[in-house]
1. Being touching a Leu at 6+ places or on another chain (Cβ under 9 Å), modelled with pLDDT of 95 or more and in the same structural domain as B:Ala421 (by TED's automatic domain parsing) narrows it down to one residue among B:Pro226, B:Pro195; which is it?
2. Tell me whether segment B:216-232 contains one or more residues that are touching a Pro at 6+ places or on another chain (Cβ under 7 Å), β-branched (Val, Ile, Thr), within 14 Å of chain A (Cβ to nearest Cβ) and crowded, with 19+ Cβ neighbours inside 10 Å.
3. Failed condition for B:Leu189, given (1) assigned to a helix (DSSP H, G or I); (2) under 16 Å from the mean Cα position of the chain (by Cα); (3) closer than 25 Å to B:Lys50 by Cβ, with all others met?
4. Hey, any hits in segment B:80-90 for a residue that's in the same structural domain as B:Ala185 (by TED's automatic domain parsing), surrounded by fewer than 16 Cβ atoms within 10 Å (Cβ to Cβ), at pLDDT 95 or above and assigned to a loop (DSSP other than H, G, I, E, B)?
5. With a cut-off of at least 3 residues that are away from chain A (no Cβ under 14 Å) and closer than 21 Å to B:Gly12 by Cα, name the strands (runs of 3 or more DSSP E) lying wholly within segment B:103-184.
6. Go through segment B:306-326 and count every residue that is surrounded by fewer than 21 Cβ atoms within 10 Å (Cβ to Cβ) and under 23 Å from A:Asp4 (Cα atoms).
7. Among the residues of segment B:365-393, which ones are within 22 Å of B:Ala442 (Cα to Cα) and free of Cβ contacts under 8 Å to residues at least 60 places away in the same chain?
Amino acid sequence: MKIDRQAVEKVARLARLALSDDDIAVYQGQLSSILGYIEQLDEVDTADVPPTAQVTGLVNVLADDEIKNERRDKLPVDVPASDGTSIKVKGVFGG
Amino acid sequence: MANVSGSSPYLGEVPKPAGVTAARKALDSGILKGVPVAVKDIIVTADGRKSTAASKMLEPYESPYDATVVRKIVEAGAEVIGKTNLDEFAMGASTENSALGKTVNPWDPTRVPGGSSGGSAAAVAERSAPVGLGTDTGGSVRQPAAFCGVVGMKPTYGRVSRYGLIAMASSLDQAGTLTTNVADAATALGVIAGPDPLDATSVDRPVPDYRKALTGDVKGLKIGIPKEYFEVEGGAKDGGVQSEIEEAVEQAKEDLKKSGAEIVDVSLPHTKYAVSVYYLVMPAEASSNLARYDGIRYGHSVEREGSWQGSLEDVYFQSRAQGFGPEVKRRIMLGTYALSAGYYDAYYKKAMQVRTLITRDFEKAFKDADLLLTPTTPTTAFKLGEKSDDPLAMYLADIFTVPASLAGLPAISVPAGFDKAGLPIGLQLIGQHWDEETVLRAAHAYEQRHDWHVKEPPKPKEPQ
């Protein structure tokens, strides 16, 4: 599986990662090699095999809808930009 | 001789030698009171220490809360004596992907300690802490345990709370223990196990007294040997399993037979697909989990530079580019690719389907066997730098540990002697869901037949 440069650039954009031209070339080679290995899965017949995402059989674990937020005051300690109680962000539209 | 100056199992402050005798006494009586514990730095602590995941992204980060496993060991009287090094965000098999420190193998400083819990494994091996906490997503407790000659226990997925484990792949991540012997593993697991309302995937089942399982008796126990584990490609230089490791398995079969166990052949036909499945499922989950590092709420951010100007998108793109190391970016890219439109069915869904087949293989094997015996790794500890430039070769180091992770099964690595170079060999025992007792019982019975677990690595020379 050879993936092209455009595919790497597209994935980097989806993943919100700024990559240099050198990075893109390196990842193009490495991702092609890893996906090439993974192609072996094509030989496995998975018709009618359900996918597994959870291994211990848990279904719909629910908790009471109560607010238990004892540490709210401690949470924004590491925020890059804040006005003390709220997180400040750059403009979302047209910024 | 490699330059090993500045290498340590720990990140930040290196703890002073602790009162080993008192700790030994406590552990021998089955409690953690006063026992120093080395905690992998992907497990958060609110004790004034940083919780970094060995990443520049979280280098200055201090958690406002303790992980549940930390709270439990502290309530049991243990003391966190230091945070240990790891591959960044637990992504790696050698601890070389740490952005914040270097850790070498205590048995040979030119070799890796394994990973990603390499710091906790090295700390226990060098006897600076009798107990280490680690996390195991595809082998990150068992593989470094094997490389460092200690016991590494990964419980059933859901047996131990993941609350406060900085998330990598949430359907696979599980906390585990590193100890010098199986009885200590039983003690430590007994403390950290149990349901937790803060982790909805932890399971409400009674926690047995694991030490009571260590009867020394394995009479009638059926131990399966999966033949596919000896037919793998990409392991040792000759393509398979290092010969001394195969011999160790043969010896272990004889030992366990002498103790009364029955050895049976089993087949896990989808074993050779496990690494492929793992390297789709894990990066897919990791790419989602690591989306939270956006430069807005915590962690590395270009916005911290006072003069920085740019858009909201620039904050994301630049903060992530600067904060993450190469392996983390590689896995985010791989996972994003596997989940992206047009590839989801071919990669992610396909991987989840083959995961089902791998799980069914185990279910079938457990009809004929109570427990499976395999090598933990295809080779003993490799050289520093040996696999750094070849991500795929590094991934194949996980080949014997990822299948049990994909199926959520409990598994242990126990010391099984040394190769010709004097490097530790690890054997893996894989049990059925929730049956940590049988895993520990057989591991303990095997351990009793040898004195490998009491051998200590040479003390490092003082730097000149």
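1. So the residue among B:Pro226, B:Pro195 that is touching a Leu at 6+ places or on another chain (Cβ under 9 Å), modelled with pLDDT of 95 or more and in the same structural domain as B:Ala421 (by TED's automatic domain parsing) is B:Pro226.
2. Here is the first cut: in segment B:216-232, the residues touching a Pro at 6+ places or on another chain (Cβ under 7 Å) are B:228-229, B:232.
Add one more test, that the residue is β-branched (Val, Ile, Thr), and what stays is B:232.
Pick out the ones that are also within 14 Å of chain A (Cβ to nearest Cβ) and you get B:232.
Right, trim to crowded, with 19+ Cβ neighbours inside 10 Å and you get B:232.
Yes, there is a match, as at least one residue in segment B:216-232 is touching a Pro at 6+ places or on another chain (Cβ under 7 Å), β-branched (Val, Ile, Thr), within 14 Å of chain A (Cβ to nearest Cβ) and crowded, with 19+ Cβ neighbours inside 10 Å.
3. Of (1) assigned to a helix (DSSP H, G or I); (2) under 16 Å from the mean Cα position of the chain (by Cα); (3) closer than 25 Å to B:Lys50 by Cβ, only one is false for B:Leu189: (3).
4. Initial filter on segment B:80-90 (in the same structural domain as B:Ala185 (by TED's automatic domain parsing)): B:80-90.
Okay, now just the ones that are also surrounded by fewer than 16 Cβ atoms within 10 Å (Cβ to Cβ), so none.
No, that holds for no residue.
5. Details: elements: B:131-136, B:151-154, B:174-179.
Result: B:131-136.
6. Adding up the residues that qualify gives 3.
7. In the first step, residues of segment B:365-393 are kept if they are within 22 Å of B:Ala442 (Cα to Cα); the result is B:365-378.
Hit for segment B:365-393 is B:Lys367, nothing else.
For (1) farther than 26 Å from B:Lys56 by Cβ; (2) basic (Lys, Arg); (3) more than 23 Å from the chain's Cα centre (by Cα), each residue gets a yes or a no:
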| site | (1), (2), (3) |
| --- | --- |
| B:Lys258 | yes, yes, yes |
| B:Leu280 | yes, no, no |
| B:Gly295 | no, no, yes |
| B:Gly299 | no, no, yes |
| B:Ser307 | no, no, yes |
| B:Glu313 | no, no, yes |
| B:Gln318 | no, no, yes |
| B:Arg331 | no, yes, no |
| B:Asp345 | yes, no, yes |
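The values are calculated or read from the model by the stated rules, or taken from the named source; none is laboratory data. Keep in mind it's a predicted model, so treat the numbers as computed, not measured. Positions of Cβ are generated from backbone atoms using ideal geometry, with glycine treated the same way; all protein chains shown enter the neighbour counts.
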